[in-house]
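One structure below.
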Amino acid sequence: MKFLAERIKLMRASEIRELLKIVESRKIISFAGGLPDPSIFPKRELSDIVVKVLQEYGDKALQYGPTKGITSFREELLKFMERKGIKISSDDDIIITTGSQQALYIIVQTLINPNDNIVLELPSYLGAINAFRLSEPNFIGIPIDDNGMRIDILEERLRRLRSEGKRVKLVYTIPIAHNPAGVTMSLERRKHLVELSEEYDFLIIEDDPYSFFTYEPTDTTPLKSIDNNGMVIYISTLSKILSPGLRIGWILAPKEYVDAFEKCKQLLDLHTATFTQYIALNAFKLGVVETVIERSRIIYKRKKDVMLNSLDEYMVSGSWWSRPVGGMFIMVRLPKDTIDTKAMLIDAINAGVAYVPGGSFFVDGSGTNTMRLNFSYPKVMVLQQF
Ligand SMILES: Cc1ncc(COP(=O)(O)O)c(C=O)c1O
C-alpha cells in the first residue's frame with residue numbers, strides 16, 4: 001500500500017455499500033438499500049427504443065459526443081425542467097453528467113477549496129458528504145424538522161459567522177423528499193433560503209432526484225425557479241424516473257459555472273455515454289418517462305403506507321419518524337440518545353432484518369440513535385412482516 005497517494009485517505013467507502021455486501025450474502029429482510037423496485041423499469045419499452053436508437057441514430061449513438069451532452073437531449077431536458085417551472089433560455093446552462101453522483105463530484109472539485117464553510121442538513125446524503133470531504137471543507141450541519149432544514153437556525157448561524165468576519169460558500173440541500181430524512185422543506189422556508197443566499201452571498205446546491213412524483217398533493221416548487229440571481233445550482237437524475245443503470249444526471253447553472261464543470265468532466269470521462277443519452281431522449285419523446293413516474297407513484301405509495309402503518313403499530317413510544325410525501329426512505333429516531341443503532345445492527349441482522357444506522361449521515365457526529373429505512377425495494381409482503 002506504500003504507493004497510494006495521500007488523498008486516498010479522504011476517500012471513504014460508503015458505509016451503506018459495505019453493509020449491503022454483508023446483507024446480500026445472507027437471507028435477510030433488508031431495509032438498508034436504496035434501490036428502485038425493478039418492476040417499475042420499462043423493459044419492454046426500452047428494448048424497442050434500443051433497436052430504434054441503433055437503427056436510426058447508430059452512427060451518432062455509438063460515436064464520441066460533446067462533453068456537455070447531446071444538444072437535442074439537453075433541449076429535451078430543458079423542456080422537462082420547464083414543466084417544473086424552471087425556465088432556462090439557453091442550452092449553455094445545462095450539462096449532462098454520468099448520474100447526479102458525478103454532478104456532485106464535479107461541483108465539489110470545481111467550487112470548494114480546503115476550509116471553505118459549507119452547510120449541509122443534519123442528516124445529509126452520504127454520497128454528497130463523501131464527495132465534499134475530498135475538498136476538506138469545514139462542514140456546518142443545520143438540523144431539520146418535519147418541514148425540512150431549520151432555516152431560522154441557518155440564519156442565526158450566518159449572522160454569527162458574519163459578525164466573526166466569516167462567510168459560507170454554499171448550502172447543499174435536498175428540499176423535496178429528503179434522502180435519508182424523508183422530510184420536505186416548506187415552501188416558506190424554500191423562499192427564505194433563496195432570500196438568504198442573496199443577503200449572505202452563498203450558492204445553493206439543490207439536489208432533486210425525488211420531486212417528480214409525490215404520494216399526495218404537494219408543492220414541489222424548485223428553489224431554482226424562485227431564484228432570480230443565479231444563486232442556485234440545480235442537479236437531478238433519471239435514476240428514479242427511468243433507470244439508474246443508464247447513469248444519466250444533469251446540472252443547471254449559469255454558463256460560467258457550466259463551462260468550468262465541462263473542463264472538470266473532460267478529465268473524468270470525456271462525456272456521458274452517447275448511447276444512453278439517445279435512449280433517454282427517445283424515452284422522453286415516447287412518453288416512457290411519464291409512464292415510469294405514474295407507475296412509481298402507485299407502487300411506492302402503497303409500500304410507504306405499509307411501512308408507516310407498521311411503524312405506527314409496532315414502534316416503541318417516544319420514537320419519531322418522518323412521513324415522506326415522496327422518495328424512498330423513512331428516517332426513524334429512537335427515543336433515547338443512548339441507543340446506538342450501529343451497535344444494535346448486529347442484533348438486528350442476527351434477527352434477520354437490516355437497516356442503515358443513521359450516524360454517518362450526520363456531519364457533526366450526532367444521529368447515532370437514528371436509522372434509515374428503505375421502502376421502495378422490499379416486497380409488500382416483506383414490509384408487512386416488519
Ligand atoms: C439525494 C441524492 N443525490 C444523488 C444521488 C445519486 O444518484 P445517481 O448518481 O444515481 O443519479 C442519490 C441516489 O440515491 C440521492 O439520493
**Asked** Local charge sum around THR98 (other residues, Cβ-Cβ under 14 Å, Lys/Arg +1, Asp/Glu -1)?
**Response** +1
**Asked** How many Å² of accessible area per residue for the range 1-112, probe 1.4 Å?
**Response** 60
**Prompt:** What residues qualify as long-range amide H neighbours of ILE140, i.e. H under 5 Å apart, gap of 5 or more or another chain, H built at 1.01 Å from N?
**Reply:** ILE118, VAL119, LEU120
**Item:** Kirkwood Rh and Cα Rg combined as Rg over Rh, evaluated for the range 1-88
**Value:** 1.12
**Prompt:** Rounded to the nearest 0.05, what FRET efficiency is calculated for GLU198 and LYS166 with R0 set to 22 Å and r the Cβ-Cβ distance?
**Reply:** 0.75
**Message:** Quick check on the chain: what are the equivalent-ellipsoid semi-axes from the Cα gyration tensor, as sqrt(5λ), descending, whole Å?
**Reply:** 31, 28, 21
**Item:** Value of D in µm² per second that Stokes-Einstein yields for the range 314-386, Kirkwood Rh from Cα pairs, at 37 °C (0.692 mPa s)
**Value:** 252
**Request:** Step through the residues of the range 192-197 one at a time and calculate ³J(HN,Hα) from phi using the Karplus curve (6.51 cos²θ - 1.76 cosθ + 1.60, θ = phi - 60°), rounding each to whole Hz and writing x for Gly and Pro.
**Result:** 5, 4, 5, 4, 5, 4
**Complete:** With the label point 7 Å along the Cα-to-beta-carbon line of ARG323 and a cut-off under 17 Å to each amide N, the hits in the range 149-179 are 177-178
**Message:** Net charge around GLU6, counting only other residues with Cβ within less than 14 Å of its Cβ (Lys, Arg = +1; Asp, Glu = -1)?
**Reply:** +3
**Item:** Antiparallel DSSP beta bridges within the chain, percent to nearest 5
**Value:** 50
**Message:** Rounded to whole Å, give me the distance from the Cα center of the range 253-286 to that of the range 131-196.
**Reply:** 28
**Prompt:** How big is the range 72-207 by Rg and Dmax over its Cα atoms, in Å?
**Reply:** 15.4, 48
**Message:** For a quick check, take a GNM of the chain with Cα springs below 10 Å and name the residue from GLU75, GLU206, GLU45 with the largest mean-square fluctuation.
**Reply:** GLU45
**Prompt:** Considering only the range 99-235, what is the antiparallel percent among its DSSP beta bridges, to the nearest 5?
**Reply:** 10
**Fill in**
Taking a crude spin-label model, label points 7 Å out from Cα along the C-beta direction, the THR218 to MET315 distance in nm is 1.5
**Request:** For the range 56-61, take each phi angle, set θ = phi - 60°, evaluate the Karplus expression 6.51 cos²θ - 1.76 cosθ + 1.60, and give the result in whole Hz per residue in order, putting x for glycine and proline.
**Result:** 8, 10, x, 4, 8, 5
**Prompt:** Cα centroid distance between the range 326-386 and the range 97-126, in Å?
**Reply:** 24
**Prompt:** Tell me, what HN-Hα J-couplings in whole Hz come from the Karplus equation 6.51 cos²θ - 1.76 cosθ + 1.60 at θ = phi - 60° for each residue of the range 321-334, using x for Gly and Pro?
**Reply:** 9, 7, 10, x, 8, x, x, 9, 10, 10, 9, 10, 10, 7
**Message:** Which lysines, if any, have their Cα less than 21 Å from the Cα of LYS60, not counting same-chain residues under 8 positions apart?
**Reply:** LYS52, LYS68, LYS265, LYS285
**Separation in nanometres of the label points that stand 7 Å from Cα toward Cβ, at ASN147 and ASP340** = 3.6
**Asked** Taking 1 over the mean of 1/r across every pair of different Cα atoms in the range 127-199, what Kirkwood radius in Å do you get?
**Response** 13.2
**Asked** List the trypsin sites (Lys or Arg not before Pro) in the range 261-300 that DSSP assigns to loop (not H, G, I, E or B) and whose Cβ has at most 11 other Cβ atoms within 10 Å. Which are they?
**Response** none
**Prompt:** By how many nm would the segment from GLU290 to ILE22 grow when fully extended, if each residue of separation counts as 0.36 nm and the alpha-carbon distance is taken off?
**Reply:** 92.9 nm
**Asked** P(r) tail for the range 126-274, what percent of Cα pairs lie past 23 Å?
**Response** 40
**Prompt:** Taking R0 as 25 Å, what's the FRET efficiency between ASP347 and GLU156 from their Cβ-Cβ distance, rounded to 0.05?
**Reply:** 0.05
**Prompt:** Taking LYS301 as the anchor, which lysines have their alpha carbon closer than 22 Å to its alpha carbon, excluding any fewer than eight residues away along the same chain?
**Reply:** LYS43, LYS84, LYS240, LYS379
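The values are calculated or read from the model by the stated rules, or taken from the named source; none is laboratory data. Everything numeric here is computed off the predicted structure, so don't read it as measured data. Note: ideal-geometry Cβ built from the backbone for every residue, glycine included; neighbour counts use all protein chains shown. For accessibility, only protein heavy atoms count, side chains too; no ligands or nucleic acids. Shrake-Rupley method; radii C 1.70, N 1.55, O 1.52, S 1.80 Å.
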